[in-house]
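Enquirer: Have a look at this one.
The values are calculated or read from the model by the stated rules, or taken from the named source; none is laboratory data. As the structure is a prediction and not an experimental result, all values here were calculated from the model. All Cβ positions, glycine included, derive from the backbone under ideal geometry; neighbour counts span all protein chains shown.
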Amino acid sequence: MSLNLKECEEECLRDCTCTAYASAIDTRTYTDSGQDLYVRVDAIELARHRKTRSLSQKAMVAIIVVSILTALLLAGFLYGLVIKKRKGCNGIYVVVLETDRRSHNPQCVKDRSDEPRGNRDVPLFDLSTVASATNNFSVLNKLGRGGFGSVYKGVMDNGMEIAVKRLSKHSGQGVKEFKNEVRLIAKLQHRNLVRILSCCVEEDEKMLIYEYLPNKSLDTFLFDSRLRIIHRDLKASNILLDAAMNPMISDFEYAMEGIFSIKSDVYSFGVLLLEVISGKRNGAYYHESPSSLVGHAWELWKEGNCEDVIDESMGDSCTKEEALRCIQIGLLCVQEFADDRPDMTAVVFMLANKDVVLASPKRPAYVFKSKHHGANLSANDKPASGNDVTISMLEGR
């Protein structure tokens with residue numbers, strides 16, 4: 001009887017005495033590893049064998065999965081280290097600026113947990129990053145020059161534009177003053193204050209990195225001039241404009257001499273207000289009398305001709321009444337005696353509320369008229385002695 005392999009399997013399963021079967025063909029020569037022999041085993045033994053084989057496969061899969069995850073975690077960790085090393089101190093790390101000369105290395109970090117956070121934590125850029133952003137401080141990137149150094153435009157690798165204030169190595173501002181300026185500006189958060197992004201202290205270089213405002217300063221639009229002189233008080237050249245023409249007050253520095261009071265900025269704001277309305281600098285009347293915009297506006301105020309102060313190019317941007325009100329507020333801010341000037345809270349209130357009745361301004365400071373001086377002296381007038389005792393007192397403007 002001739003049976004195929006499948007029929008042999010079925011026949012063996014029906015016969016309890018059958019222990020194995022194979023496809024046997026007489027006089028065959030096997031050129032490979034031999035012939036397959038199918039052995040019949042106990043069902044329990046077969047199940048145990050299959051279970052052991054299944055467990056081995058699961059263990060192998062688990063080992064492979066764990067190995068892959070471990071390799072991925074290790075690769076991610078190494079990638080993070082490479083990125084961290086490549087970026088260096090590009091505004092990511094918080095470091096401490098030390099007072100002594102040893103700490104000029106930007107990698108130097110010293111624990112100062114006992115100090116207030118606002119006094120010790122300062123983000124830092126390295127010198128190579130700043131130099132690369134400003135094209136090695138190219139003249140083409142130079143925006144202007146202030147009292148303590150030059151300002152450059154820079155572009156970071158990610159496309160962000162920055163303004164770099166590079167302090168002169170021969171400037172009067174030392175390391176201590178630089179640290180104080182950085183800490184002061186870092187504490188100030190206001191929508192109308194230029195935001196400081198970072199700083200750089202490396203070797204003999206001291207730099208401040210600010211946000212870049214594309215429309216430059218206010219005086220560029222008022223006076224059509226690219227020349228900007230940085231002052232230590234509120235001036236048109238210290239007011240920068242962002243892309244939406246929002247004003248940003250910049251250049252916080254230190255007055256090295258002079259006496260100032262809380263009304264000094266009120267005076268400066270009054271001058272600025274008159275410059276905005278007139279479109280002229282305060283020194284535009286240098287060869288005339290009065291020799292300043294403040295004095296010129298005061299004379300026109302007394303004559304009742306304040307309309308002559310208003311810049312004709314303002315057009316319909318504001319009404320005549322609004323412009324005259326701003327002139328009156330500006331004259332209130334520049335009054336000779338500081339006690340007569342309103343504080344900034346009152347100034348803002350007067351500007352925002354047109355129904356508020358304004359006081360009449362008094363004579364402003366720094367208005368000197370020598371015209372016709374002494375012209376009314378007669379020949380019979382006797383000279384008076386000027387040897388009276390006087391006392392000179394210094395008072396903030």
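Enquirer: Got a number for residues in segment 298-331 being of a type in the set (Ser, Thr, Tyr) and either surrounded by 15 or more Cβ atoms within 10 Å (Cβ to Cβ) or in a helix (DSSP H, G or I) (or both)?
Expert: Total satisfying the criteria: 2.
Enquirer: Are any residues in segment 189-222 under 18 Å from residue 246 (Cα atoms) and outside any loop (DSSP other than H, G, I, E, B), and if so, which ones?
Expert: Hits for segment 189-222 are 193, 196, 210, 211, 217, 218, 219, 220, 221, 222.
Enquirer: Test residue 165 against the stated conditions and say whether it is among the basic types (Lys, Arg) and modelled with pLDDT of 85 or more.
Expert: yes
Enquirer: So which of 126, 111 ends up being within 25 Å of residue 84 (Cα to Cα), among the acidic types (Asp, Glu) and at pLDDT below 75?
Expert: None of the others qualify; the one that does is 111.
Enquirer: Another question, then. Return the residues of segment 341-363 that are under 17 Å from residue 295 (Cα atoms) and either surrounded by 12 or more Cβ atoms within 10 Å (Cβ to Cβ) or of a type in the set (Phe, Trp, Tyr) (or both); say none if nothing qualifies.
Expert: Those that are under 17 Å from residue 295 (Cα atoms) and either surrounded by 12 or more Cβ atoms within 10 Å (Cβ to Cβ) or of a type in the set (Phe, Trp, Tyr) (or both): 341, 361, 362, 363.
Enquirer: For residues that are of a type in the set (Phe, Trp, Tyr) and without any contact (Cβ under 8 Å) to a residue 40 or more places away in the chain, scanning just segment 124-162, find the one that is surrounded by the fewest Cβ atoms within 10 Å (Cβ to Cβ).
Expert: If we take residues in segment 124-162 being of a type in the set (Phe, Trp, Tyr) and without any contact (Cβ under 8 Å) to a residue 40 or more places away in the chain, then 137 is surrounded by the fewest Cβ atoms within 10 Å (Cβ to Cβ).
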